[in-house]
Amino acid sequence: MKQNRYIAFIAGLLNRYKRKECLGLLVTFLYSGMVYIGPVLSQYIIDDVLFTKEYIRLTKCFGLFFIVLILQPILSYIQSRIFINISERITKDLRNEMYSGIISKRITFFYDNNDGEILSRIINDSRMLSDFVSDVFVVLLKNSLLILCVLVGMMVISVPITLCIGAILIVGIVIIDKLSKENIRLSLERQESLDDVTALISDSATNILSIKIYELHKIARKLFDEKIELNKHKNIRIRNANTLFASLLEAMTVICIMLIYAIGIGFFAKGTLTIGNIVGLILYFQLIVGPIISLLNCNLDFKAIQPIIDRIDEFVQEESEEERNNTSSDEKKEEKNVIAIRNLKFRYDQSEEIFNGLNVDIGLNKISCVVGNSGCGKTTLSYLIMGMLNPDTGQILIDGKDRANSNKKISYVPQNNQLFNVSIKENIRLFDPSISDEQIYEICKKLNIYDDICRLKNGFETIITDKINISGGQAQRILIARALIKEADIIIMDEPTSALDGGNRELIGNALKELVPEYTFVIITHDEQLMENADEVIRIG
């Protein structure tokens, strides 16, 4: 049943590109025809033309033979171009689907999968699957046709020799198939080890400052060497297995050719076969070896690709709105003008319970500071209010409506500087064309960051990178500007002043006070100054 699921997955991918595949099918038929005709012409020239001394006829036959041979690489080239195009389209579409699936996941997904693993799956797994899917169509179609044509040609010449060769090939194929099952497990382990390598590279780039300051170069190199050594070991085992399979096929090839000569010479002595027949059988057999090897490799690749399909499928699956917002839809009309949290229970997987029957009211159109000890669940509570997480039990009501049904828009200012690799202007606007430059300038002036941005070489068009001279406080105010300009009803801030000095903290506090009639601010903070300016302070934990 599991095999059928993999086949259905691959068939579904192939079905999207059936027009180009039909064109590839036509070219493949033509190519197979040229391959079949070659030995037939060769046999005809040797037995019926070569010794007749009819030079005009011989010239025509050789000319036709040349055309048949030269068409083979030309058609093979056209076929390859078609399927390269299909492969690249599959890669692009798979990466798009995986990316869409990832950004639809719950926030807990990113706790369980590090950046390097996500990157590895999108880049490496999609490429491996697309190469396999595009190749499998060519391999199965072209090689199945070639094998069929060659077998027909061999049967026409000699049924006994063809049956003998076929029996040997079947036995060899069964043996190789039995030996290849270990490749499934090795393939999964190899991809997982590659994930670890990618994750370590990503972590090293992120923490390069710590590596340099604390002189962790040797430890980092050692860790990296251990990861790539493990990946090397897995690759060697897989390649050794493939080498063994190739050697077994070569041995079968030698045995079969010897049998064709031995049995063919016996039949020639009896007068039932000609020299042209024996040459034709050898040519046909040499033509059939390549397709058989390709089909066997395709079978090995199919087994190796199965864990890759599972990994991709996990990322491709998008969560529906109902899955992301599966809290109870019962509404309590009396819970007006507040964010009402009722009997809320929540835990991360099998960890200790974060909330056990939490009941909290957070006033709307106010500044509310949420405080508590580290690890008590302040940030988790903000994720629950935003719908990034779902409670195990309990309700979150906003102005009397269940969170999922509320028409209140929520913006978020994270604690770490989550800025995109685009201009400062686009980081604030977030690609919303309805937000004018003047609105951006106005909000930046309120947050006392307008002049700082203008002093940069490219001003608001400056592209945000790690090398741009923007302080942590400036980056934090850009994030606050982003939240304010989106005109959300509720703005949740996670330690918004942690990177600001005293003067800027006061400036931010005053700006929020002025905006309170329009917005609800829920601020997770340890900042005493913000707490003093807050309308309410809510302690949890």
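For the reader, a short list of remarks on this structure follows.
- Kyte-Doolittle mean at least 1.6 and Cα axial length at least 24 Å: DSSP H helices in the chain: 126-157, 159-179
- Summarising the label geometry, the points placed 7 Å from Cα in the beta-carbon direction at Asp349 and Glu192 lie 1.4 nm from one another.
- Here the relative contact order of the chain, from alpha carbon pairs under 8 Å that lie six or more residues apart, stands at 15 percent.
- What the Cβ-Cβ distance of Asp115 and Ser144 gives, at R0 = 35 Å and to the nearest 0.05, is a FRET efficiency of 0.25.
- At most 12 other Cβ within 10 Å, DSSP loop - trypsin sites (Lys or Arg not before Pro), the range 364-416: Lys409
- Straight-distance candidates among the lysines for linking to Lys425, with alpha-carbon spacing under 19 Å and chain neighbours fewer than 8 residues away dropped: Lys445, Lys446, Lys457, Lys467, Lys486.
- Calculated FRET efficiency, Asp93 to Gln418, Cβ-Cβ distance, R0 = 22 Å: about 0.20 to the nearest 0.05.
- Ordering Ser120, Leu447, Ile367 by Cα displacement along the dipole of the chain toward the positive end leaves Ser120 in first place; charges were set at the Cβ atoms of Lys, Arg (+1) and Asp, Glu (-1).
- Segment Asp392..Asp203, full-extension length gain: 64.8 nm, with 0.36 nm per residue of separation and the alpha-carbon distance subtracted.
- Listed residues Leu230, Leu259, Ala246: farthest to the positive end of the dipole of the range 209-283 (Cβ charges): Leu230
- Length-normalised contact order for the range 1-99 - Cα pairs under 8 Å, 6+ apart - percent: 41
- Taking only the alpha carbons of the range 39-106, we obtain Rg and Dmax values of 24.6, 81 Å in that order.
- Per residue, the convex hull spanned by the Cα atoms of the range 403-505 amounts to 110 cubic angstrom.
- Inter-site label distance for Ala251 and Phe62 at 7 Å from Cα along Cβ, in nm: 4.3
- The charge dipole of the range 338-539, taken about its Cα centre with unit charges on the Cβ of Lys, Arg, Asp and Glu (plus for the first two, minus for the last two), comes to roughly 260 debye.
- With the cut-off at under 20 Å, measuring from each backbone N in the range 268-295 to a point 7 Å along the Cα-to-Cβ line of Ser80 picks out 287-295.
- Listed peptides 242-255, 93-106, 429-442, 123-136 by packing density, highest first (mean Cβ within 10 Å): 123-136, 93-106, 242-255, 429-442
- The chain: calculated mean residue ellipticity at 222 nm from DSSP helix runs of at least 4, using -39500 (n - 2.57): -22000 deg cm²/dmol
- Whole-Å distance, taken between Cα centres, linking the range 501-524 and the range 421-492: 17
- Evaluated at q = 0.05, 0.09, 0.12 Å⁻¹: base-10 log I(q)/I(0), Debye formula over Cα of the chain: -0.38, -0.85, -1.21
- Antiparallel DSSP beta bridges within the chain, percent to nearest 5: 50
- Each Lys and Arg adds +1 at its Cβ and each Asp and Glu adds -1 at its Cβ; summed about the Cα centre, the range 2-316 shows a dipole of about 380 debye.
- Principal axis dimensions, largest first and in whole angstrom, of the range 338-539 by Cα: 53, 36, 34
- Label separation (Leu151 vs Arg106): 5.2 nm, computed from points 7 Å beyond Cα along the C-beta direction.
- Full-stretch length increase - Ile168, Thr243 - with 0.36 nm per residue and alpha-carbon distance subtracted: 25.0 nm
- Two-site FRET efficiency, Asp47 against Arg19, from Cβ-Cβ distance with R₀ of 60 Å, rounded to 0.05: 0.85
- Packing-based order for 448-458, 285-295, using average beta carbon neighbours within 10 Å, highest first: 285-295, 448-458
- Charged-residue dipole, Cβ positions (Lys, Arg, Asp, Glu), the chain about Cα centre, Debye nearest 20: 2340
- For the range 2-316, the fraction of C-alpha pairs farther apart than 24 angstrom is 65 percent.
Since every read-out is calculated from the coordinates, none of them should be taken as a lab result. What you are looking at is a predicted structure, and each value in this text was computed from that prediction instead of being measured. Please note: Cβ atoms are built from the backbone with ideal geometry, for glycine as well, and neighbour counts cover all protein chains shown.
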